[in-house]
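The values are calculated or read from the model by the stated rules, or taken from the named source; none is laboratory data. Please read all numbers here as calculations on a predicted model, not as lab measurements. FYI the Cβ positions are ideal-geometry reconstructions off the backbone, even for glycines, and counts take in every protein chain you see. These area figures cover heavy atoms from the full protein model, side chains too; ligands, DNA and RNA do not enter into them. Shrake-Rupley method; radii C 1.70, N 1.55, O 1.52, S 1.80 Å.
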Amino acid sequence: GPIFSDFFRSTGGEEQEKTTKELLEALKIIEEQALGDKKFFGGNAINLVDISYGMIAYWFKIMEEVIGVNVLEPNTLPRLCQWAQNFMEVPVIKENIPEGHKVLAYLRHIRQKLHLEHLNK
């Protein structure tokens, strides 16, 4: 959603602090109200909600690496981190995710392009 996009587009300083804080608040709501104490959003097995939030488990961790800011951490979002780990261990997910180094290179390229556009405004 837009909050992830804002986080990815943030250029540092106050803007990045603000988007990081907003994102953390949104992830806490997801953790508390949607995930709760379940292994997956669907209970003991993945469902459509897990699939739709799957980008948090995979893409988002790489996005954090590109930006240099960690939001999805066990000390702040323990259940969501555990869910991400559980999700990534599901065989059908594990077998079908793209290679991390390719996603990392892609996201670095996109972020660099966004920063150049931002500088040229």
For the stretch 76-121, give me the residue count where each residue is under 18 Å from LYS39 (Cα atoms), open to solvent by 100 Å² or more (accessible area, probe 1.4 Å) and either among the hydrophobic types (A, V, I, L, M, F, W, C) or touching a helix residue (DSSP H, G or I) at 6+ places or on another chain (Cβ under 9 Å) (or both).
2
Of everything in the stretch 58-75 that's within 12 Å of the chain's Cα centre (by Cα) and without any contact (Cβ under 8 Å) to a residue 12 or more places away in the chain, which residue is most open to solvent (accessible area, probe 1.4 Å)?
ASN70
Considering only the stretch 38-57, I want to know if a residue exists there that is at pLDDT below 90 and closer than 19 Å to GLN16 by Cα.
yes
GLU15 being in a helix (DSSP H, G or I), out of contact with any Phe, Trp or Tyr (no Cβ under 6 Å at 6 or more places or on another chain), modelled with pLDDT under 90 and surrounded by fewer than 17 Cβ atoms within 10 Å (Cβ to Cβ):
yes
Please report, ordered by residue number, the helices (runs of 4 or more DSSP H) entirely within the stretch 21-114 with at least 3 residues that are closer than 15 Å to ASP6 by Cα.
59-67
